[in-house]
Structure formats: structure tokens, C-alpha cells
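**Q** Encoded as C-alpha cells, here's the structure I'll be asking about.
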Amino acid sequence: MTESKNVALVFGASGISGWAVTKCSLSYPTPTTFDRVIGLTNRPLSLEKSGLPQDPRLELHSGINLRGSLDEVLSQLEDEISNLEEVTHVYYLAYSNATAYSVDVMAIRDINEGMTYNAVHAVDRLCKNMKFFVLQTGTNNYGVAVFRFQEHIEITPPLREDNPRISSPWGDEIFYYAQVDLVKEANKGKSWKWCEVRPDQIVGHVPIPTSMTFVEPLALYLVLYRYVNGLGATVAFPGSYATYMHTFTPSSQDIIARSELYLSVEKPDQAHGEAFNTADNDTAAPWSVVWPRMCEYFGLNGQGASPEEKIWKNIDKWWIAHQDDYERMCEQYGLQLRSISEYTWMFLSVAVAMLDRNREMSLNKIRSVGFTEEYPVADGYFKVFDHFVQEKIIPSKESWTKQIA
């Protein structure tokens, strides 16, 4: 008997999570699990510039705009992709932060709810052999980033998947709830299964610059600080004391990707209709532990935040003021010249100055279905830094010894 094919369809393949799932699906759970991997992006992205493996099973398709009508999305998918009926596993990792830094926080909820509706109903119609649909949400299920109403929201770690939703009106901006509800509704009477996966602060990197990462601007800041101030210089934590001390469980992009692939391919029956936290480790990794180790990687002495420090330290201004040094460093070490947008700095400022409540997650549920992969505390950051070295975004440690004073 010929074994049926598995075909993965990834929404948001150029984002920090979608890129990782697209990459990992070519080798995990086994190197031959998927016969075909289809990555979808809104903006144009060629395979050559994607940083993804050059694998004949992989294809990228651009121009799939989920913010249109369902009919438009159906038409775009049918026109762009052949043999959609072959798709067996769908990973919904698309996200729009179009209004993330505006006062209209409800608009981003409506945009993402509409995008998810279009994706779910499009694949339900077009992917006749779909077996499993993965929806990635996050720890804002527990209200950790509802900044307007933190005084009304109780957050008691370790956070567990069966925690109740944040009640209205305090939880109204959390679009994850609407996403889950519409997937449940679309699934009624259907043979395909689905699950929700909840990472926390995502540690990762995408070769094409994105505003949804805090690791790259932090690494670039630290390596330039080292270049300007020399080996052993003391560098202060750029955020608040409360954020420096709070506990959380970072989620590396490859751990997230592998957990989603594992649940959908290896444990579809146990995962169906369930939510799962996912993270590098169930040991809390506060900045007070990570920051000194991170700075040591760059040959710096990490200084923690003091109790009176309550806000972002505007390291973006330091970065802008030292652009001549940055260009000189890139030329000296043969590095890519990267651009950090205003929104990327804002995303970093949230990570180090606003997420200031304990929020570590319980991983008991995902461990109970057999997913036991983990990284040691802080190791996920170091893996990303090593990728930066390979991609010539930061110098290697060996090359630092050749630094010109």
C-alpha cells in the first residue's frame, strides 16, 4: 500500500514563527515527513532571499492578502497554488500589527480576526484532504499584554491552559479568543482536527528584517557597544527594574515550530481541540538571569536595573548617534548593514520595559503528550546570536580580537 502524502501549508512564512515552521517542516519530525511544503506571504519574497533551505519540496507564494474578502483570498490561493487539495497540514502563523502602536487597539483585533476567518474558511473549502489546522496565539491569552487594564487582571503563574479567559471589558482587545472561537465553529461537522499553541516572548530571527523581533536590535546594540567602548565595558539593562526582575519562560522559534509540528503530525488525536503552552524550558528565565549571560557573550559586563528605574532607557537614540561607528564596524568585519526601524525599537522597549509582571508558564500539558524538547536557560538567545554570526550580522568572537582601537 502506498503511504499517503503529507503536504504542509504555512500562512505567514516570512514572519518569525512562520519562517521557523517552514524551515523545520523540511526535517522534522523526520526528514521525509512532508512531501511538499508551501509557504505563503503577503509581500514578495523569493526563495533565494528567504534564508530557507534550498529544498525541491519547498515553494514560496506571495501576494496572498488575508485582509481582503474571503472570495478574494479564495481566488488568490487558487490562482497562485496548484493542487491545493493535496494539503494535509495547515499552520496559521500570520499576524498583522498594522495598528499596534496606535491608540486604536481594537482595530488590530478586528484585522487579525478577519484574517483568521479568511484563512480557515479558505482552506476548509480548498484543501479537501486537510487533516490538521494549527493556530498559534500567545500568552496574551492570560492578559499579560493588556496594558490599559493591568490593575483589573489577575495573573497568577505558572500560567495554565485551563485558566479562564479575561472577562469583558478588560479582555475585549484579546483577539486570540475570537480566533479560537471561529476555528471551533468552522470545525463543526468536519473531519479535520485542530489545536492552539501558546508561546511566550519569542526568541528568534528572520533573515528579512521584521519589526516583530527584539533579539536582533538588542544584539546589534550590544555588539556596537562593545565596538565603541571596548572589551569588558559595563552596559546597563535598557529597561525597567520591574521588567528586569519579573519571571517568564521565553519561547525560541524552533522550539515553537517543532512543538506545533509534533502536535499536528505525531499526536493529532490527543491535540485535537486543545491549547498548549510551549517554551524553551519550564524554568523561569528572568532578565536578571539572562542579561549578565547575554552581555558576557559579547565580552561585556552586564549591569542590572536599579529599583528607581521605571522606563525604557532610549538606547535607540544611542544607536542613531553612533551610526558612523556602526558603518565602520560593518566595513571592518565584512558585515551586513542592517536597518532597525522605529517600530522594531518600540517592540524591544515593550519587551524590556513594559512586560513587568511574573508570567512563567506551566509546560505540564505539552509534556503529558510527549513533547519534551527543551533548551537550557538562555541557550535560545545564544543560538540566535550564532545565526547572526553565520549570516554576517555580527562579528564572530574570534574576529573581535582584531578590533581596531
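**Q** Which helices (runs of 4 or more DSSP H) sit wholly inside the stretch 316-405 and have at least 3 residues that are buried (at least 21 other Cβ atoms within 10 Å of the Cβ)?
**A** Values: elements: 323-333, 342-353, 364-368, 379-390, 397-400.
Result: 342-353, 379-390.
**Q** Among residues belonging to the stretch 100-129 that are closer than 20 Å to ILE166 by Cβ and outside any helix (DSSP H, G or I), point out the one that is modelled with the highest pLDDT.
**A** Among those that are closer than 20 Å to ILE166 by Cβ and outside any helix (DSSP H, G or I), it is ASP104.
**Q** Next question, about the same structure. Checking THR278 against (1) touching a Pro at 6+ places or on another chain (Cβ under 6 Å); (2) at pLDDT 95 or above; (3) closer than 30 Å to GLN179 by Cβ; (4) surrounded by fewer than 21 Cβ atoms within 10 Å (Cβ to Cβ), which single condition isn't satisfied?
**A** (4)
**Q** I'd like the full set of residues that are crowded, with 24+ Cβ neighbours inside 10 Å and part of a loop (DSSP other than H, G, I, E, B), limited to the stretch 5-33.
**A** Hits for the stretch 5-33 are GLY12, ALA13, SER14, GLY15, SER25.
**Q** I'm trying to understand the selection: among the residues of the stretch 20-31, which are in contact with a strand residue (DSSP E or B) (Cβ under 8 Å, 6 or more places away or on another chain) and under 20 Å from PRO209 (Cβ atoms)?
**A** Of all residues in the stretch 20-31, those in contact with a strand residue (DSSP E or B) (Cβ under 8 Å, 6 or more places away or on another chain) come to 21-22, 25-26.
Scanning the stretch 20-31 gives VAL21, THR22.
**Q** Which pairs turn up if I take residues in the stretch 113-126 that are assigned by TED's automatic domain parsing to the domain that holds PHE11 and look for partners that are surrounded by 19 or more Cβ atoms within 10 Å (Cβ to Cβ) and of a type in the set (S, T, N, Q) with beta carbon separation below 6 Å, at least 6 apart in sequence or on another chain?
**A** Taking only residues 6 or more apart or on different chains, the pairs are THR116/GLN179.
**Q** Ok, one more. State whether the residues of the stretch 130-146 include one that is over 22 Å from the mean Cα position of the chain (by Cα) and modelled with pLDDT of 95 or more.
**A** To start, the set of residues in the stretch 130-146 that are over 22 Å from the mean Cα position of the chain (by Cα) comprises 130-131.
With modelled with pLDDT of 95 or more added as a condition, the list becomes 130-131.
The answer is yes; a qualifying residue exists.
**Q** Limited to the stretch 285-296, what total is found for residues that are within 11 Å of GLU360 (Cα to Cα) and surrounded by fewer than 20 Cβ atoms within 10 Å (Cβ to Cβ)? Steps first, answer last, please.
**A** Here is the first cut: in the stretch 285-296, the ones within 11 Å of GLU360 (Cα to Cα) are 285-286.
In the following step, the residues that additionally are surrounded by fewer than 20 Cβ atoms within 10 Å (Cβ to Cβ) were identified as 286.
Selection size over the stretch 285-296: 1.
**Q** Next question, about the same structure. Does the stretch 44-60 contain any residue that is crowded, with 18+ Cβ neighbours inside 10 Å, under 24 Å from the mean Cα position of the chain (by Cα) and at pLDDT 95 or above? Spell out the reasoning first.
**A** Initial filter on the stretch 44-60 (crowded, with 18+ Cβ neighbours inside 10 Å): 45, 50, 52, 58, 60.
Now drop any that are not under 24 Å from the mean Cα position of the chain (by Cα), which leaves 45, 50, 52, 58, 60.
Next cut, at pLDDT 95 or above only: 58, 60.
So far as the stretch 44-60 goes, yes, one or more of its residues are crowded, with 18+ Cβ neighbours inside 10 Å, under 24 Å from the mean Cα position of the chain (by Cα) and at pLDDT 95 or above.
**Q** Next question, about the same structure. Is at least one residue of the stretch 169-177 touching a residue at least 40 places away in the same chain (Cβ under 8 Å), under 20 Å from the mean Cα position of the chain (by Cα), assigned to a helix (DSSP H, G or I) and outside the structural domain of TYR381 (by TED's automatic domain parsing)?
**A** Checked against the condition, which is being touching a residue at least 40 places away in the same chain (Cβ under 8 Å), under 20 Å from the mean Cα position of the chain (by Cα), assigned to a helix (DSSP H, G or I) and outside the structural domain of TYR381 (by TED's automatic domain parsing), the stretch 169-177 yields at least one hit.
The values are calculated or read from the model by the stated rules, or taken from the named source; none is laboratory data. Source: prediction; values computed, not measured. For neighbour counting, all protein chains shown are included, and Cβ atoms are generated from backbone atoms with ideal geometry for every residue, glycine included.
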